[in-house]
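Everything below concerns the one structure shown next.
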Amino acid sequence: NTLWVSDELRGKNIGSKILKELETAAKNRGCSKCLLDTLNFQAMPFYEKHGYTTQWVQEGYPKTGCKYFMVKQL
């Protein structure tokens with residue numbers, strides 16, 4: 001339901017490996033798209049680097065930030 005990598009493990013390609021495994025598992029189950037959401041202070045550049053594009057932005061979430069809904073064709 002939630003994926004994050006702790007600060008001390010960032011930059012070691014762990015998040016990329018986990019994301020790839022999740023996408024492979026989804027493909028094996030017949031999924032054709034991946035949908036995720038992230039907040040404006042989180043990992044949006046990480047997901048963009050892995051081929052995700054922003055499809056919708058929820059402004060004012062939770063109060064003054066934004067929540068980004070991102071999609072990738074598998």
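The values are calculated or read from the model by the stated rules, or taken from the named source; none is laboratory data. Keep in mind that this is a model prediction, so the values were computed, not measured. No Cβ is skipped: glycine too gets one built from the backbone with ideal geometry, and neighbour counts run over all protein chains shown. Surface areas here come from the heavy atoms of the whole protein model, side chains and all, with no ligands, DNA or RNA. Shrake-Rupley method; radii C 1.70, N 1.55, O 1.52, S 1.80 Å.
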Quick one: with all protein chains in place, what share of the accessible area of the stretch 2-42 is carbon or sulfur, to the nearest percent (1.4 Å probe)?
51
Most fluctuating of 64, 38, 53 in the GNM of the chain (C-alpha, under 10 Å) is 64
From the backbone phi of the stretch 50-55, what are the Karplus-calculated ³J(HN,Hα) couplings (6.51 cos²θ - 1.76 cosθ + 1.60, θ = phi - 60°) in whole Hz, Gly and Pro given as x?
9, x, 8, 10, 6, 9
Estimated 222 nm signal from helices in the chain, with DSSP H stretches of n ≥ 4 weighted -39500 (n - 2.57), rounded to 500:
-8500 deg cm²/dmol
Which whole-Hz ³J(HN,Hα) couplings does the stretch 31-37 yield from phi under the Karplus relation 6.51 cos²θ - 1.76 cosθ + 1.60, θ = phi - 60°, glycine and proline marked x?
6, 10, 9, 10, 10, 9, 10
Hz values of 3J(HN,Hα) by residue in the stretch 11-24 - Karplus curve (6.51, -1.76, 1.60), Gly and Pro given as x:
x, 10, 6, 5, x, 5, 5, 5, 4, 4, 5, 5, 5, 5
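Please compute the per residue accessible area over the chain with all protein chains in place, 1.4 Å probe, rounded to a whole number of Å².
Numbers: 5660 Å² over 74 residues.
Here the residues of the chain average 76 Å² of exposed surface.
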Listed residues 33, 20, 12; largest mean-square fluctuation, Gaussian network over the chain with Cα springs below 10 Å, found at 12
Compute the Rg to Rh ratio over the chain from the alpha carbon atoms, using the Kirkwood formula for Rh, and round to two decimal places.
0.98
Modelled label-to-label distance, residue 33 and residue 9, 7 Å Cα→beta-carbon offset: nm?
3.0
